[in-house]
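A.B. asks: Here's a structure for you.
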Amino acid sequence: MRAVVLDTNVLLSQPDAVFGYPGALVIVPEAVLGEIDKLKTSRVDPDLRFRGREVSRILFTLSETGSLVDGVPMEGGGELRVAALKNGVALPDGLSSRNADDRILAVACQARDSGLDHLTLVTNDLNMLLKAQTHGLRVEHRAEGDPGLGKRTARWFSRYRTPLTILAIAIAVFAGVLALSFYTSHLTGTGGADAVPTEFRDMLTTDYRNLLDGLITLERDPANAEATKQVADAYYDLWAQNGTAAYAYKAISYYESYLRATPSDNEARTDLAAMYFYAGDTDKAIQAAAEVIADDPQHIEANYNLGLFYWHGRSDYASAATQFMTIMDLTRTGGPLADADVYSTAQTQLGQLNTEATAAGVDLGIDAGYLPEGSN
């Protein structure tokens, strides 16, 4: 049976995501329930709290048919199960029980190691995606509204019709307030965050506030490089939360504009490379990362990302291996940027890369000293 582990952001993006995998074992880590429960008292936007409550209601309805811990049957076949970390079982290296994301990853690893060979972690989070790959997990990225998660049945949609209508009105009001703020700034020659009512701004998430403030600044001063980068970073962060492709394209546009004025910012160019890759343009992603490395050969993130681009974008195992070995040389004990965690991550990636290359009939000839202990 296929098994999928759902990350928190997937459920908050689509509360009915649990119904999107007919015939599969759907696993919701206990840490996900904890994160959703925290939304009840958190100062987050009302829509996010609403979706958190909907997740809880759906799971409560399913619990009426049996124990979520033991597993409950789903319509169309399959099963839903809430899974906690196993007592007495050490967490995989690099994961901490104090971190919710790490606990979710650990549950996925434990489920896979228990014999669920066809297990996939489903997430919208870029950092979670990359970290999961370092632990050998299959990862599936789902953007908000992705039809792959399935559509609501008529029964579920009827329950949500009114809240969805309210949400549509709220979005329209949001757009109206933004338009009013920009119109006011043009009339008065002012602008800034105070062009939007404080009470409304307080309802927005940090990323949306950053985006709003940056856009208002650019309305007043289109050449403001700092505001351009602020908007680009906000779109990047919004994309990382829900994977909406439009955010990636917007981030690319603003990063490109910013870098035309500030070409020496390697951090921004590294972020641009990541956005190119996740927008599907591997060639531009590789070119941008290579430009960073040409200027700063010891840039760890650019080297790491370039390895992933070669590997997952082109299946160029040899070039990807070169990047991971470069990182290991830089971060090994006594190296110029010694960092045991980064070294271990790069080594794990190299081991997985070598395994995949070998299965594809490619002999990379990697020195055994670079590979994890016990690797072929």
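A.B. asks: Every residue in the range 244-282 that is acidic (Asp, Glu) and within 25 Å of Asn124 (Cβ to Cβ), please.
C.D. replies: Passing the criteria: Glu256, Glu267, Asp271, Asp281.
A.B. asks: If you go through the range 258-303, how many residues are touching a residue at least 40 places away in the same chain (Cβ under 8 Å) and either of a type in the set (Gly, Ala, Ser) or assigned by TED's automatic domain parsing to the domain that holds Asp221 (or both)?
C.D. replies: Within the range 258-303, residues that are touching a residue at least 40 places away in the same chain (Cβ under 8 Å) and either of a type in the set (Gly, Ala, Ser) or assigned by TED's automatic domain parsing to the domain that holds Asp221 (or both) number 1.
A.B. asks: Among the helices (runs of 4 or more DSSP H) lying completely within the range 257-340, list those that include at least 1 residues that are in contact with an Asp or Glu (Cβ under 7 Å, 6 or more places away or on another chain).
C.D. replies: The helices (runs of 4 or more DSSP H) meeting that bar are 266-278, 317-331.
A.B. asks: Right, here's the next one. If you scan the range 197-227, which residues turn out to be in a helix (DSSP H, G or I), at pLDDT below 90 and of a type in the set (S, T, N, Q)?
C.D. replies: Passing the criteria: Thr198, Thr206, Asn210.
A.B. asks: Name every residue in the range 341-365 that is in a loop (DSSP other than H, G, I, E, B), under 31 Å from the mean Cα position of the chain (by Cα) and either at pLDDT 90 or above or closer than 22 Å to Asp296 by Cα (or both), in order of residue number.
C.D. replies: The answer is Val362, Leu364.
A.B. asks: Does Asp329 satisfy the criteria of being under 23 Å from Val231 (Cα atoms) and either touching a Pro at 6+ places or on another chain (Cβ under 7 Å) or acidic (Asp, Glu) (or both)? Write out each step before concluding.
C.D. replies: Details: under 23 Å from Val231 (Cα atoms): no; either touching a Pro at 6+ places or on another chain (Cβ under 7 Å) or acidic (Asp, Glu) (or both): yes.
Criteria not met by Asp329.
A.B. asks: Could we say that Arg49 is under 20 Å from the mean Cα position of the chain (by Cα) and not hydroxyl-bearing (Ser, Thr, Tyr) here?
C.D. replies: Spelling it out, Arg49 is indeed under 20 Å from the mean Cα position of the chain (by Cα) and not hydroxyl-bearing (Ser, Thr, Tyr).
A.B. asks: Pick from Gln230, Gln241: which is modelled with pLDDT under 75, under 30 Å from Thr282 (Cβ atoms) and surrounded by 14 or more Cβ atoms within 10 Å (Cβ to Cβ)? Reasoning before the result, please.
C.D. replies: Details: Gln230 fails: modelled with pLDDT under 75.
After ruling out the rest, the residue left standing is Gln241.
A.B. asks: Strands (runs of 3 or more DSSP E) wholly in the range 42-142 with at least 3 residues that are under 25 Å from Thr244 (Cα atoms) and not acidic (Asp, Glu) - which ones?
C.D. replies: It comes to 119-123, 138-141.
A.B. asks: Restrict the check to the range 13-22 and report whether at least one residue is touching a residue at least 60 places away in the same chain (Cβ under 8 Å), under 27 Å from Thr244 (Cα atoms) and of a type in the set (Asp, Glu).
C.D. replies: Looking for residues that are touching a residue at least 60 places away in the same chain (Cβ under 8 Å), under 27 Å from Thr244 (Cα atoms) and of a type in the set (Asp, Glu), one finds at least one in the range 13-22, hence yes.
A.B. asks: Going by the conditions given, is Leu39 among the hydrophobic types (A, V, I, L, M, F, W, C), more than 21 Å from the chain's Cα centre (by Cα) and buried (at least 18 other Cβ atoms within 10 Å of the Cβ)?
C.D. replies: Answer is no for this residue.
A.B. asks: Mind checking which residues of the range 47-103 are in contact (Cβ under 8 Å) with a residue 40 or more places away in the chain, among the acidic types (Asp, Glu) and more than 22 Å from Leu116 (Cα to Cα)?
C.D. replies: Asp47, Glu54, listed by residue number.
Here is a yes/no grid of residues against (1) hydrophobic (A, V, I, L, M, F, W, C); (2) within 18 Å of Thr8 (Cα to Cα); (3) surrounded by 16 or more Cβ atoms within 10 Å (Cβ to Cβ):
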| site | (1), (2), (3) |
| --- | --- |
| Arg49 | no, yes, yes |
| Arg53 | no, yes, no |
| Glu75 | no, no, no |
| Glu79 | no, no, yes |
| Val82 | yes, yes, yes |
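A.B. asks: With the requirement that a residue be in a loop (DSSP other than H, G, I, E, B), under 17 Å from the mean Cα position of the chain (by Cα) and over 14 Å from Ser56 (Cα atoms), what does the range 3-36 give you?
C.D. replies: Residue satisfying the conditions is Asp7 alone.
A.B. asks: Ok, one more. Restricting to the range 116-135, name every residue that is surrounded by fewer than 19 Cβ atoms within 10 Å (Cβ to Cβ) and in contact with a Leu (Cβ under 6 Å, 6 or more places away or on another chain).
C.D. replies: Within the range 116-135, none qualify.
The values are calculated or read from the model by the stated rules, or taken from the named source; none is laboratory data. What you see is a predicted model; the values in this text were computed from it and never measured. Because the Cβ atoms are built from the backbone with ideal geometry, glycine has one as well, and the counts that use them run over all protein chains shown.
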